[in-house]
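Q: Sharing a structure here in structure tokens format.
The values are calculated or read from the model by the stated rules, or taken from the named source; none is laboratory data. Just so it is clear, the structure is predicted and the values come from calculations on it, not from any experiment. Positions of Cβ are generated from backbone atoms using ideal geometry, with glycine treated the same way; all protein chains shown enter the neighbour counts.
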Amino acid sequence: MREENSVGPLSGRLVALPETRELDRLATLLEKQGAKALRCPMVAIRDLPDPAPVGDWLRRFPFDDLVLFTGEGVRRLHRFAQRFDLEPAFLDGLRMARKITRGPKPERALRELGLNSDLRAEEPTTDGLITTLSRHTLRNRHFGVQLYPNVPDSRFTDFLHDAGARADTVVPYTYASAAEDEKVATLIDRMAGGAVDVIAFTSSAQVRRLFDVARATARETRLQAALRATQIAAVGPVLAEELRRRGFEVTITPPHSYFMKPLVSAITAALSSSARVDG
């Protein structure tokens with residue numbers, strides 16, 4: 001049922017938010033448009049239980065090239081550098097290296113440190129990074145590569161190896177489940193019942209968590225129905241492709257900038273242009 005106590009183009013719309021780190025910010029942006037935010041944080045970001053490998057990686061600074069996959073990774077590395085009393089060497093290493101960013105979030109994290117990206121991926125994907133770097137001579141260059149957790153894909157490091165470069169990788173954080181399985185299962189049930197207008201994904205880890213809970217709670221068929229009964233929004237093309245590989249069409253994505261505000265604008269535009277029939 002629509003709720004008529006909110007005002008705005010999304011009045012009466014219910015948007016499910018699996019986001020964790022910027023959950024309140026995303027919810028506030030949607031609520032300003034009149035939506036009701038259904039908070040269900042799925043993935044929390046944690047420091048590694050053993051920080052020693054990160055410290056060892058930081059002590060190998062500087063690199064010829066530094067590839068930064070995520071903004072969270074840049075911030076975590078900075079904090080680890082402070083913890084290990086390596087901040088001056090870390091910042092000097094950032095200045096000296098050619099800084100290569102996979103998307104807008106690591107660029108923003110670099111700007112917080114007073115630095116800029118030297119080379120950005122043609123598209124904010126691993127394939128985009130490979131395409132961009134394929135135009136450059138990489139032989140004998142030493143790459144520091146900040147990866148993100150729980151992704152076994154070795155395409156990028158294999159590409160560097162085949163190009164004659166040396167890749168030195170680090171993963172400076174890990175994921176932990178933030179919402180209890182029961183809460184995620186309840187979200188699946190509400191979506192399957194048609195109560196949710198949109199689910200707005202902001203990371204692949206959220207998608208994996210949703211499917212993991214569905215499997216653990218014998219709701220795999222119900223999740224299929226839930227995602228077909230609910231419009232799916234994704235903050236960027238990598239995430240949209242992840243969902244398409246699983247067989248689900250993403251109907252809402254920002255056209256250019258892959259941030260929270262453009263995502264909210266895309267949701268607002270999509271829902272404002274379609275009437276909802278209440279049951």
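Q: At pLDDT 95 or above, farther than 24 Å from SER204 by Cα and touching a Gly at 6+ places or on another chain (Cβ under 7 Å), is that true of PHE63? Working first, answer last.
A: Numbers: at pLDDT 95 or above: yes; farther than 24 Å from SER204 by Cα: yes; touching a Gly at 6+ places or on another chain (Cβ under 7 Å): yes.
When the stated conditions are applied, PHE63 passes them.
Q: Criterion first (at pLDDT 95 or above and buried (at least 16 other Cβ atoms within 10 Å of the Cβ)) does LEU77 satisfy it?
A: For LEU77, the condition - at pLDDT 95 or above and buried (at least 16 other Cβ atoms within 10 Å of the Cβ) - is met.
Q: Hey, another quick one. Of all residues in the range 197-233 being of a type in the set (Ser, Thr, Tyr) and outside any helix (DSSP H, G or I), which is nearest to PRO262 (Cα to Cα)? First the steps, then the outcome.
A: Quick first cut of the range 197-233, residues of a type in the set (Ser, Thr, Tyr) only: 202-204, 217, 221, 230.
Pick out the ones that are also outside any helix (DSSP H, G or I) and you get 202-203, 217, 230.
Values: THR202: 12, SER203: 15, THR217: 34, THR230: 20 Å.
Restricting to residues being of a type in the set (Ser, Thr, Tyr) and outside any helix (DSSP H, G or I), the top hit is THR202.
Q: Sort out which residues of the range 128-152 are under 19 Å from GLY71 (Cα atoms) and either without any contact (Cβ under 8 Å) to a residue 24 or more places away in the chain or surrounded by fewer than 16 Cβ atoms within 10 Å (Cβ to Cβ) (or both), and write them in order of number.
A: ASN150, VAL151
Q: Could you tell me how many of the residues in the range 63-74 are outside any helix (DSSP H, G or I) and surrounded by fewer than 20 Cβ atoms within 10 Å (Cβ to Cβ)?
A: So the answer is 1.
Q: Between ASP197, ASP212, which is more than 20 Å from PRO124 (Cβ to Cβ) and within 19 Å of the chain's Cα centre (by Cα)? So that I can check it myself, show each step before the final result.
A: Working: ASP197 fails: within 19 Å of the chain's Cα centre (by Cα).
Going through ASP197, ASP212 in turn, the sole match is ASP212.
Q: Looking at the structure I just gave you, is GLY93 in contact with a strand residue (DSSP E or B) (Cβ under 9 Å, 6 or more places away or on another chain) and part of a helix (DSSP H, G or I)?
A: So GLY93 fits the description; yes.
Yes/no matrix, rows are residues, columns are (1) at pLDDT below 95; (2) under 12 Å from PRO18 (Cβ atoms); (3) surrounded by 17 or more Cβ atoms within 10 Å (Cβ to Cβ):
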residue: ARG208; (1), (2), (3): yes, yes, yes
residue: ASP212; (1), (2), (3): yes, no, no
residue: LEU223; (1), (2), (3): no, no, yes
residue: GLU242; (1), (2), (3): yes, no, yes
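The rows are residues; the columns are (1) surrounded by fewer than 15 Cβ atoms within 10 Å (Cβ to Cβ); (2) out of contact with any strand residue (DSSP E or B) (no Cβ under 8 Å at 6 or more places or on another chain); (3) part of a loop (DSSP other than H, G, I, E, B).
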{"site": "ALA27", "(1), (2), (3)": "no, no, no"}
{"site": "LEU30", "(1), (2), (3)": "no, no, no"}
{"site": "GLN33", "(1), (2), (3)": "no, yes, yes"}
{"site": "LEU48", "(1), (2), (3)": "no, no, yes"}
{"site": "PRO53", "(1), (2), (3)": "yes, no, no"}
{"site": "ASP56", "(1), (2), (3)": "yes, yes, no"}
{"site": "PHE61", "(1), (2), (3)": "no, no, yes"}
